[in-house]
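Chemist: First the structure, which I've put down as C-alpha cells, then a few questions once you've had a look.
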Amino acid sequence: MEWFGDARLAAGPEAAWYLETAFTPGAHLGTVYDDPSTPVVVTGIERMTTIRTPSGRLIVDAPWHDDEVGDYEDGSPTRPPRELAVRIPPGTYPVEVAWTAGPYEFFGEHFDGIACAATRLCLSDDPVAGWEMGLGIHDDIDRLQPGEQVGFSSDANVGCFADAGAWTTLVAPFRTFVDGIPAPRDSEQLPDNCERLSDETRHADLVTFTAESGGVVWLGRTGSGAVAAIVVTSGMSGAKA
C-alpha cells in the first residue's frame with residue numbers, strides 16, 4: 001500500500017531539497033554568507049558511530065538545558081525530554097553526519113568553513129519517498145500553523161539521539177556538577193566534539209551532535225510509510241520548542 005502522509009507535516013519544497021541535497025556529496029547547499037561567488041559544498045558523509053535503541057522509543061533533544069543547572073540534586077532531568085511519537089524497531093543503527101565546506105575570509109584570515117549540515121540516524125537502506133516533521137509525544141498536530149516547524153531548543157548548541165528507556169541514566173553525567181563546574185564524563189569521544197555514552201545495564205546509548213540553537217527533526221519515509229531515516233537540521237527558520 002502506498003504511503004500518504006499528513007500534509008500538515010510534509011516538508012515544503014525548500015526543506016525537502018535541503019534534506020536530499022545535504023546527503024549528496026559534491027552538491028551545493030547555497031553560497032557563503034556575503035560571498036555569492038563561493039558555494040557551500042557537501043564534502044562527504046561520515047559514519048560517526050552507532051547507537052543502540054532497545055526500547056524502540058527515541059528521544060531527540062538537548063542532553064541538558066542551561067536553565068536546568070542547579071535545579072536538581074540527583075542528576076534527574078527537571079523537564080520531560082522530547083520523545084518522538086513515532087516508534088522504531090529495537091536495534092543498533094548508524095549515526096551519520098553530512099559535512100560541508102564554504103571557505104571565507106575574516107579580518108584577513110582565511111577559514112575553510114567546515115560545518116555540519118545535518119545529522120542522520122539510518123534505520124534502513126530503503127529509498128526515501130517523502131519527508132515529514134517528526135512530532136514529539138506531547139506535540140499537538142492540530143495546533144500547527146501553516147509553515148511552522150517544531151523541534152527542540154539547545155542553549156549549548158548540542159542535540160542528541162538517545163534511547164528513551166535509559167534516558168535518566170544516560171543524561172545524568174551531563175547534569176553532574178562539582179562546585180558549579182561540569183564533572184568529567186566517562187564517554188567515547190567522537191568527531192566535532194561529539195560524545196557517545198552508554199548504559200550497559202540496558203544495552204542502550206546516547207549520541208550527541210551539533211545543533212545550533214536546537215534543531216528540527218525530519219522523518220524520511222519509504223513508499224510504504226516505514227521510517228528509513230531520522231534527520232536533524234539546525235539553524236532553519238521557524239523552529240520552535
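Taken together, the values in this text are just the output of simple stated rules run on the coordinates, not laboratory data. Bear in mind the structure is a predicted one, so any value in this text is a computation, not a measurement. Cβ coordinates were reconstructed from backbone atoms using ideal geometry, including for glycine residues, and neighbour counts include every protein chain displayed.
Chemist: Please return the longest range in the chain lying between exposed loop sites, taking trypsin sites (Lys or Arg not before Pro), DSSP loop only, at most 14 other beta-carbon atoms within 10 Å, and leaving the sites out.
Modeler: 88-184
Chemist: Give me the Å³ per residue figure for the convex hull around the C-alpha atoms of the chain.
Modeler: 144
Chemist: About the Cα centre of region 65-207, how large is the charge dipole given +1 on each Lys and Arg Cβ and -1 on each Asp and Glu Cβ? Please answer in debye to the nearest 20.
Modeler: With Lys and Arg at +1 and Asp and Glu at -1, about 300 debye.
Chemist: Hey, another quick one. Pairwise over distinct Cα atoms, reciprocal of the mean inverse distance: report the Kirkwood radius of region 117-241 in Å, one decimal place.
Modeler: Evaluated over region 117-241, this radius sits at 16.1 Å.
Chemist: Projected onto the charge dipole of region 130-241 (+1 at Lys/Arg Cβ, -1 at Asp/Glu Cβ, origin at the Cα centre), which of Gly130, Val227, His203 gives the Cα projection farthest towards the positive end?
Modeler: Gly130
Chemist: Which ³J(HN,Hα) values in Hz, rounded to whole numbers, follow from the phi angles of region 88-103 under the Karplus curve 6.51 cos²θ - 1.76 cosθ + 1.60, where θ = phi - 60° and Gly and Pro get x?
Modeler: After applying 6.51 cos²θ - 1.76 cosθ + 1.60, I find 10, x, x, x, 10, 10, x, 10, 10, 10, 9, 9, 10, 9, x, x Hz.
Chemist: Ratio to report: Rg/Rh of region 146-191, with Cα atoms as the point set and Rh obtained by the Kirkwood method; give two decimals.
Modeler: Ratio of gyration radius to Kirkwood radius: 1.06.
Chemist: Most exposed first by the Cβ proxy, i.e. fewest other Cβ within 10 Å, how do Tyr18, Tyr33 rank?
Modeler: Tyr33, Tyr18
Chemist: What does the convex hull of the Cα atoms of region 72-158 come to per residue, in Å³, rounded to a whole number?
Modeler: Hull volume normalised by residue count: 230 Å³.
Chemist: Moving to a separate point now. Is there a quick way to get the dipole size of the chain? I mean about its Cα centre, with the Cβ of Lys and Arg at +1 and of Asp and Glu at -1; what is the value in debye to the nearest 20?
Modeler: That gives a dipole near 700 debye.
Chemist: Which of Phe161, Leu19, Gly5 sits closest to the plus end of the dipole of the chain, meaning its Cα is farthest towards the positive end, when Lys and Arg get +1 and Asp and Glu get -1 on the C-beta?
Modeler: Highest projection toward the positive end goes to Gly5.
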